[in-house]
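Notes follow once the structure below has been shown.
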Amino acid sequence: MPQALQQVNTPLIGVPGGRHLLDTPALLIDLPAMTRNIERMAAFARSRGVNLRPHVKTHKSVEIARRQVAAGAIGVSCVTLGEAEVMVQGGIPGVLITSPAVTPSKIARLIRLAQQARPGDVMVVVDNPQNLADLARAASELTHPLDVLVDYGAGYNRTGAATQAKVLELAALAAAEPRLRLRGLQAYAGNLQHIVAREERSAAAAGLRETVAGIVAAARRQGLNFDIVTGAGTGTHDLDSQENAFTELQAGSYVFMDAEYSRVLADGDQPSPFETSLFVQTAVVSTNAADWVTVDGGTKCFSTDSGVPLVAKGADAASRYAFFGDEHGKLMPPTGSQGSQAQRPALGSRVEFVTPHCDPTVNLHDAYHVVEGGTLVAIWPVDARGRR
Ligand code: PLP
Ligand code: MN
């Protein structure tokens, strides 16, 4: 376990009942639940014969990345160079940067990082011939070629080459460039991850698998090396791992889950295969209003892009949260209930919430408070918080 981050809650580590004495708001990890999620996804990937390179955009933590690698992950995916720098510094192997490095300063940082890591331990995606040429020029400073994957704009077209022809053109350019080493293809379809209707998500993912298989077959006919075919998030991990379309999964959110993903992965009366392991603990700081109590977690504590936090502990689970400014939330009794005084959370009591969307919520906090039952067992930094 890494050394505890010196924090106001540090003296509570190991104290019986420490979870209920925390200074709030506090980001919590339920360690046994997170450990089960890590093991479950690793076992799933093994059962499908597919590699796992979990995305650290979710947790930004070297300690959690180490646990994922210890459970069988071949490396990690990062979206920012800052995340990749933190992971390499933390000794994490197999770092794939899933967004292009384009500006001169980013390319310079990428090259420094690739030089610092073992050959093959830093890979980056590319979606543009000019960027490919810029990377090749910068890579001449390296003592080994720079590993690149061609990004295909599956789904959103947020990044990635738009067509098979453009993918193959880029792959051929990379293969012909001695300062680059073509490793494979990325096809991440962010637009499919949160489709709630299982059949709709499944049909869309089948279409993507077919497209990806077509691109890979065409590349192989041209002798291009697409040994790695990477993609998939938590929402499509079980779909993208079918028919050998992908060689690896980049799922990230499964480690924590959130309100949105729990809705997506629940399948009829089958609950999600992953458990919520991330919570935010708040305290009730005012009880003077008749129709609500006020908790000390607002828009600086929870991301606001995916609905509202859900009560996990400390109040009726059907209570409704509403954002109440930067630092506060309004917690109202369930609709239809008379809000009996007996059920009202008391002043100073703790209310824990499931986050609406895990990744952007984590990035609002400095540290994880790692709990097992009522005990605070560790405090881990959110190492790559805010790292661009
Ligand atoms: N890969 C890429 C490129 C992503 O952008 C993301 C998330 O946005 C993921 C993987 C992880 O997806 P999820 O958090 O849905 O598991
Ligand atoms: Mn997300």
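Highest mean first, how do 375-388, 246-259, 214-227 rank when packing is the count of other Cβ atoms within 10 Å averaged over residues?
Numbers: 375-388: 18.9, 246-259: 25.9, 214-227: 15.1.
Ranking the peptides 375-388, 246-259, 214-227 by packing returns 246-259, 375-388, 214-227.
Leaving out ligands and nucleic acids, and using a 1.4 Å probe, what accessible area per residue does the chain come to in Å²?
Numbers: 15910 Å² over 388 residues.
Per-residue accessible area for the chain comes out at 41 Å².
Once both labels are modelled 7 Å past Cα along the beta-carbon direction, what's the A165-R387 spacing in nm?
Going by the 7 Å Cα→Cβ label model, 4.1 nm.
Quick one: with all protein chains in place, what share of the accessible area of the stretch 32-260 is carbon or sulfur, to the nearest percent (1.4 Å probe)? Numbers along the way, then the final one.
Numbers: 4300 of 8640 Å².
Of the solvent-accessible surface of the stretch 32-260, carbon and sulfur hold 50 percent.
With both partners inside the chain, how many of the DSSP beta bridges are antiparallel, as a percent to the nearest 5?
Values: 28 of 57 bridges.
Counting only bridges with both partners in the chain, antiparallel ones make up about 50 percent.
Please give the FRET efficiency for A218 paired with A70, using the beta carbon to beta carbon distance and R0 = 56 Å, rounded to the nearest 0.05.
Working: r = 37 Å, r/R0 = 0.67.
Rounded to the nearest 0.05, the efficiency is 0.90.
Over the Cα atoms of the stretch 190-270, compute the convex hull volume and normalise it per residue, giving Å³. Intermediate values should be presented prior to the final figure.
On the way: hull volume 7.1 nm³, N = 81.
Output value, Cα hull per residue: 87 Å³.
Between G17, A70, L27, whose Cα lies farthest towards the positive end of the dipole of the stretch 1-105 when Lys and Arg beta carbons carry +1 and Asp and Glu beta carbons carry -1, centred on the Cα centre?
Of the candidates, A70 comes out farthest on the positive side.
Cα to Cα, under 24 Å, and not fewer than 8 places away if on the same chain: which lysines meet these conditions relative to K313?
Straight-distance partners of K313: K300, K330.
Taking only the alpha carbons of the stretch 106-188, what extent do you get along each of the three principal axes, in Å, biggest first?
The principal-axis extents, from largest down, are 34, 22, 18 Å.
List the aspartates and glutamates whose Cα lies under 15 Å from the Cα of K60, skipping any in the same chain that are fewer than 8 positions away.
List returned: E83, E85, D359, D366, D383.
Could you list the square roots of 5 times each eigenvalue of the Cα gyration tensor of the stretch 32-260, that is, the equivalent ellipsoid semi-axes, sorted largest first and rounded to whole Å?
Values: eigenvalues 138, 98, 41 Å².
The answer is 26, 22, 14 Å, longest axis first.
If Rh is defined by the Kirkwood formula over all Cα pairs and Rg also comes from Cα, what ratio Rg/Rh do you get for the chain? Display every interim value, and only then the final one.
Details: Rg = 22.4 Å, Rh = 22.0 Å.
Radius of gyration over Kirkwood radius for the chain works out to 1.02.
Can you pull the percent of Cα pairs in the stretch 339-388 with separation above 18 Å?
Working: 652 of 1225 pairs.
Result: 53 percent of Cα pairs exceed 18 Å.
If each residue of separation counts as 0.36 nm, what is the full-extension length gain between R40 and A172 once their alpha-carbon separation is subtracted?
Numbers: separation 132, 0.36 × 132 = 47.52 nm, distance 3.79 nm.
Length difference between fully extended and current span is 43.7 nm.
For V122, what residues show an amide H to amide H distance below 5 Å, using hydrogens built from the backbone and excluding near sequence neighbours?
V95
With a 1.4 Å probe and all protein chains in place, put S61, S140 in order of accessible area, largest first.
Details: S61 0, S140 70 Å².
Largest accessible area first, the list is S140, S61.
The values are calculated or read from the model by the stated rules, or taken from the named source; none is laboratory data. Remember, it's a predicted structure, so these values are computed and weren't measured experimentally. So basically every Cβ, Gly included, is an ideal-geometry build from the backbone, and we count neighbours across all protein chains shown. Each accessible area value is taken on the protein alone, full model and side chains, heavy atoms only, with ligands, DNA and RNA left out. Shrake-Rupley method; radii C 1.70, N 1.55, O 1.52, S 1.80 Å.
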